[in-house]
Amino acid sequence: MTTASPIDAALIADTDVDELRANLLKADPGVLLAVLAQLTGDASVVDEFAPKITYVPDPPERAGATDAATGARLADAVVAALSAASQSETIPADDLESFARLLPVVLGSEVDAEQVPLLYEQSGFRPSSPTLPRTVPIPSTMTVAIIGAGLAGINAALSAAEAGVSYEIFERNAEVGGTWLTTKYPGIGVDTPSAYYSLSRELNPGWSNYYPQGAEYQAYLVALADKHRLRDHTRFDTEVHALWWDEEHQHWQIHFVTADGTRDVSHASVVVTAAGYLNRPRWPDLPGRKTFAGVSVHSALWDPNLDLTGKRVAIIGAGCTAVQIVDASVDQVAHLTVFQRQPHWVAPRKRLSDDVPEHRRYLGSRLPHYTKWHRLKSYWGTADNNYPIILLDEEWSKTHLSISPANDVLLQMCQQYIDQTFGAGTELAKKVTPDFAPYGKRIIRDPGGYYAALTRDHVDVEAAEPASVNAKGIVTQDGRQLDLDVIIYATGYHLDFLSTLDIRGRGGVALADEWGESPRSYRGGTVPGFPNLFINSAPNYSPGHGAGANFSMEVLSHYVIECLQLMALQGARSMEVTERAYREYVESIDDAMARTVWCHTPNAHTYYRSGSGRVVVATPFRLVDMWTEHRAPIEEDFLLR
């Protein structure tokens, strides 16, 4: 761990003590106690204060609480520690024992020893640490091409830079950000907590919302690009359309076209794809869709000049995007009709407001370590503690809609939310109640006003897709004509695991032919016959039960650098996973997946499944297992040349 940064020190020196104390009194005492132990180097403070701290068991963060007198003494102790002439560190980078002792104090629960190294890294206290020996440097001739400048591409670039590896980013847009740059629909956000949905090496203490909102998150990514001068390594307005392995030269050919239509070819030893798998908007196959005389807009192609005020609007879709648009626009429209093919389970918001309290932002910028502990709380509240929710209990599932007692807890919470909002057994309650277990398709978090919006007099819910579209609007399944001004298609994306790129490996074999309708990969997103190709957002890499996509991005970036180091140690120019290792790993995924909710809710329509029916998006593994098995490549699983 590191001492307070120069910025922290400057802020601390300029801080009004009374204002600091007032904010400390509002803070989570478990977090403050951990910070105090770190600032003072006095472990006895844990014994003094910890017995007085209780924990609110309700998610999302299991907040600590204490009596006023203890809270005041704790705040005074932190003020005194910050005012000390020197600040010492209690926990060196390799002292996991001391870190582990603080975990129950902050998290409010015991933590298994196997989780501790992962938590140390995910908190941001320790960067991803090298695993293989660094006795041989990665050669300067080893170059990396990164396809995409969203969060995954930025993280891959930072990992390469830290390892001293030359890299270049190819980005089809004019700025970094990926989805956060291009998608602008009302209410856009993500339901991973903002305290966690960032890079562990680059925490942001100033989030204004508990869940990242579009413009604010894009600003975070732009700030990363500015800070690390990523634009100096990026070809903007450059769309890669083909990746061909050049056997003679042992490198990849990157075929691209620029905004002015110029076609060219670049080369790199290694390619890391960071383009994601949800990029092409999917329009529904509705008769007459293009005949509508009003405004048709896909949520992924939102026109920022579109004003919904006073309009008759229909939105097709009931997923996360539709929920956010309805929540954000219900007060503007004259009338809104929501068309849902299938309802989702919707979890209630746990707070009255998603605005981050001012004391959290204040202390995040002035109190060393505070933001890191809150990041860890956000991760822990949505990580492997949730794993039992997706696992099948065969006996339980025979007599319940839910698949296990753990899964049923979530079902009952969501069902209670439906009953409280719409009235148990009402027609509207029936429309929004799914007929499959929670997590059969992605759980949605109500931004705060979605369910309430569906009860409004000027909002209707159609529990079916439209029958057709005409010049005036939509015809419903039962033949009613709905005259409209605007139709919003919140119908998602095509599932594209690199299917829009012409990727050819050894011998000219196409990746599309290797995969067919069932994309799959070994660790690191590697595939036999495709040397030095690492696929971020790879098949079965997305955490399905908790954390966020940023978790798997960091796991893969660490693994890629370890693979480059293995090549350096062995004097190899290429590495390629063996057929045996690939086959056995995919079999282990499928075996584990067979015991999850996604294989036991066949009636749930979810993008997690490919055209073959195989679950290809979510990982069936615990996060700690995923993290552990990507610490270093298994040499015998690769062909090194």
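Could you tell me whether Asp307 is assigned by TED's automatic domain parsing to the domain that holds Leu181, modelled with pLDDT of 95 or more, surrounded by fewer than 18 Cβ atoms within 10 Å (Cβ to Cβ) and of a type outside the set (Gly, Ala, Ser)?
Working: assigned by TED's automatic domain parsing to the domain that holds Leu181: no; modelled with pLDDT of 95 or more: yes; surrounded by fewer than 18 Cβ atoms within 10 Å (Cβ to Cβ): yes; of a type outside the set (Gly, Ala, Ser): yes.
For Asp307, the condition - assigned by TED's automatic domain parsing to the domain that holds Leu181, modelled with pLDDT of 95 or more, surrounded by fewer than 18 Cβ atoms within 10 Å (Cβ to Cβ) and of a type outside the set (Gly, Ala, Ser) - is not met.
Suppose we keep only residues that are surrounded by 15 or more Cβ atoms within 10 Å (Cβ to Cβ) and out of contact with any strand residue (DSSP E or B) (no Cβ under 7 Å at 6 or more places or on another chain) within segment 630-640. Which one would you say is farthest from Leu533 (Cα to Cα)?
Looking at residues that are surrounded by 15 or more Cβ atoms within 10 Å (Cβ to Cβ) and out of contact with any strand residue (DSSP E or B) (no Cβ under 7 Å at 6 or more places or on another chain), I get Arg631.
Is there a residue being over 31 Å from the mean Cα position of the chain (by Cα) and within 26 Å of Glu462 (Cβ to Cβ) anywhere in segment 257-270?
No; the residues of segment 257-270 include none that is over 31 Å from the mean Cα position of the chain (by Cα) and within 26 Å of Glu462 (Cβ to Cβ).
For segment 203-236, enumerate the residues that are buried (at least 16 other Cβ atoms within 10 Å of the Cβ) and acidic (Asp, Glu).
Listed by number, the list holds a single entry, Glu216.
Would you mention how many residues in segment 260-280 are modelled with pLDDT of 95 or more and touching a strand residue (DSSP E or B) at 6+ places or on another chain (Cβ under 8 Å)? Quick ask: steps written out before the conclusion?
If we filter segment 260-280 for residues that are modelled with pLDDT of 95 or more, which is where we start, we get 260-274.
Then drop every residue that is not touching a strand residue (DSSP E or B) at 6+ places or on another chain (Cβ under 8 Å), which leaves 263-274.
Number of matching residues: 12.
Hey, could you check segment 373-392 for residues that are among the small types (Gly, Ala, Ser) and out of contact with any Lys or Arg (no Cβ under 7 Å at 6 or more places or on another chain) and say which is nearest to Pro29 (Cα to Cα)?
Within segment 373-392, the first condition is being among the small types (Gly, Ala, Ser), and the residues that meet it are 378, 381, 383.
Cutting the leftovers down to out of contact with any Lys or Arg (no Cβ under 7 Å at 6 or more places or on another chain) gives us 378, 383.
Details: Ser378: 16, Ala383: 22 Å.
So, considering only residues that are among the small types (Gly, Ala, Ser) and out of contact with any Lys or Arg (no Cβ under 7 Å at 6 or more places or on another chain), the one nearest to Pro29 (Cα to Cα) is Ser378.
Pairs please, first residue from segment 460-487 and at positive phi, second anywhere and among the acidic types (Asp, Glu), Cβ atoms under 8 Å, 6+ apart in sequence or on different chains.
Note: pairs meeting the criteria are Gly473/Asp483.
When you scan segment 390-494 for strands (runs of 3 or more DSSP E) that lie fully inside it, which ones turn up with 1 or more residues that are within 30 Å of the chain's Cα centre (by Cα)?
Passing ranges, in order: 459-462, 486-489.
Using the structure shown, decide if Ala225 is out of contact with any strand residue (DSSP E or B) (no Cβ under 6 Å at 6 or more places or on another chain), of a type in the set (Gly, Ala, Ser) and at pLDDT 95 or above. Explain how you work it out, then say what you get.
Numbers: out of contact with any strand residue (DSSP E or B) (no Cβ under 6 Å at 6 or more places or on another chain): yes; of a type in the set (Gly, Ala, Ser): yes; at pLDDT 95 or above: yes.
Yes: the conditions hold for Ala225.
I'd like to know if segment 333-348 contains one or more residues that are in the same structural domain as Val486 (by TED's automatic domain parsing), without any contact (Cβ under 8 Å) to a residue 12 or more places away in the chain and more than 27 Å from the chain's Cα centre (by Cα).
Within segment 333-348 (the criterion being in the same structural domain as Val486 (by TED's automatic domain parsing), without any contact (Cβ under 8 Å) to a residue 12 or more places away in the chain and more than 27 Å from the chain's Cα centre (by Cα)), the answer is no, since none of the residues qualifies.
Restricting to segment 162-188, give me the number of residues that are under 18 Å from Gln218 (Cβ atoms) and either buried (at least 23 other Cβ atoms within 10 Å of the Cβ) or free of Cβ contacts under 8 Å to residues at least 60 places away in the same chain (or both). Break it down into steps so the answer makes sense when it comes.
Of the residues in segment 162-188, the ones under 18 Å from Gln218 (Cβ atoms) are 169, 171-188.
Subset that is either buried (at least 23 other Cβ atoms within 10 Å of the Cβ) or free of Cβ contacts under 8 Å to residues at least 60 places away in the same chain (or both): 169, 171, 176-178, 180-181, 185.
So the count comes out to 8.
Among the candidates Thr291, Thr321, single out the residue that is of a type in the set (S, T, N, Q), in contact with a helix residue (DSSP H, G or I) (Cβ under 9 Å, 6 or more places away or on another chain) and either in contact (Cβ under 8 Å) with a residue 24 or more places away in the chain or farther than 30 Å from Ile138 by Cα (or both).
On the way: Thr291 fails: in contact with a helix residue (DSSP H, G or I) (Cβ under 9 Å, 6 or more places away or on another chain).
Exactly one residue qualifies, and that residue is Thr321.
Just name the residue that is surrounded by the fewest Cβ atoms within 10 Å (Cβ to Cβ) out of those in segment 36-69 that are assigned to a loop (DSSP other than H, G, I, E, B) and β-branched (Val, Ile, Thr).
In the first step, residues of segment 36-69 are kept if they are assigned to a loop (DSSP other than H, G, I, E, B); the result is 41-43, 53, 56-63, 66-67.
Remaining after also requiring β-branched (Val, Ile, Thr): 53, 56, 66.
On the way: Ile53: 21, Val56: 12, Thr66: 21.
This residue is Val56.
Which one is nearest to the chain's Cα centre (by Cα) among residues in segment 199-224 that are in a helix (DSSP H, G or I) and hydroxyl-bearing (Ser, Thr, Tyr)? Spell out the reasoning first.
Restricting attention to segment 199-224, the residues satisfying the condition of being in a helix (DSSP H, G or I) are 214-224.
Of the ones still in play, those that are also hydroxyl-bearing (Ser, Thr, Tyr) are 217, 220.
Details: Tyr217: 12, Tyr220: 15 Å.
Residue satisfying both the conditions and the ranking: Tyr217.
Among the residues of segment 407-422, what is the count of those that are in contact (Cβ under 8 Å) with a residue 24 or more places away in the chain and surrounded by 18 or more Cβ atoms within 10 Å (Cβ to Cβ)?
Filtering segment 407-422 down to residues in contact (Cβ under 8 Å) with a residue 24 or more places away in the chain leaves 407, 410-411, 413-414, 417-418, 421-422.
If we keep only those that are surrounded by 18 or more Cβ atoms within 10 Å (Cβ to Cβ) too, we end up with 407, 410-411, 414, 417-418, 421-422.
Adding up the residues that qualify gives 8.
Can you tell me which of Gly449, Gly425, Gly440 is under 30 Å from Met626 (Cα atoms) and either at pLDDT 95 or above or surrounded by 15 or more Cβ atoms within 10 Å (Cβ to Cβ) (or both)?
Checking each option against the conditions leaves just Gly440.
Hey, can you tell me all the residues within segment 510-521 that are touching a strand residue (DSSP E or B) at 6+ places or on another chain (Cβ under 9 Å) and over 16 Å from Val616 (Cα atoms)?
Of everything in segment 510-521, just one residue is touching a strand residue (DSSP E or B) at 6+ places or on another chain (Cβ under 9 Å) and over 16 Å from Val616 (Cα atoms), namely Ala510.
Output the number of residues of segment 563-591 satisfying the condition of being closer than 17 Å to Asp625 by Cβ and not small (Gly, Ala, Ser).
Total satisfying the criteria: 7.
Return the residues of segment 151-179 that are in a helix (DSSP H, G or I) and at pLDDT 95 or above; say none if nothing qualifies. Steps first, please.
Start the filter on segment 151-179 by keeping residues that are in a helix (DSSP H, G or I), which leaves 151-162, 179.
Residues satisfying the conditions are Leu151, Ala152, Gly153, Ile154, Asn155, Ala156, Ala157, Leu158, Ser159, Ala160, Ala161, Glu162.
State which residue is surrounded by the most Cβ atoms within 10 Å (Cβ to Cβ) when the search covers only segment 243-258 and only residues that are without any contact (Cβ under 8 Å) to a residue 24 or more places away in the chain and in a loop (DSSP other than H, G, I, E, B).
Looking at residues that are without any contact (Cβ under 8 Å) to a residue 24 or more places away in the chain and in a loop (DSSP other than H, G, I, E, B), I get His249.
Name every residue in segment 609-629 that is hydroxyl-bearing (Ser, Thr, Tyr) and out of contact with any strand residue (DSSP E or B) (no Cβ under 9 Å at 6 or more places or on another chain), in order of residue number. Before you say what the answer is, go through the steps one by one.
We begin by selecting, within segment 609-629, every residue hydroxyl-bearing (Ser, Thr, Tyr); these are 610, 612, 619, 628.
Passing the criteria: Ser612, Thr628.
Of all residues in segment 269-326, which are part of a loop (DSSP other than H, G, I, E, B), under 30 Å from Leu533 (Cα atoms) and either out of contact with any Lys or Arg (no Cβ under 8 Å at 6 or more places or on another chain) or of a type outside the set (Ser, Thr, Tyr) (or both)? First the steps, then the outcome.
Filtering segment 269-326 down to residues part of a loop (DSSP other than H, G, I, E, B) leaves 269, 274-277, 282-288, 292-294, 302-311, 317-319.
From what's left, under 30 Å from Leu533 (Cα atoms): 269, 274-277, 282.
Passing the criteria: Ala274, Ala275, Gly276, Tyr277, Arg282.
The values are calculated or read from the model by the stated rules, or taken from the named source; none is laboratory data. The structure presented is a predicted model; accordingly, all values stated were derived computationally and were not measured. All Cβ positions, even for glycine, are placed from backbone atoms using ideal geometry, and neighbour counts span all protein chains on display.
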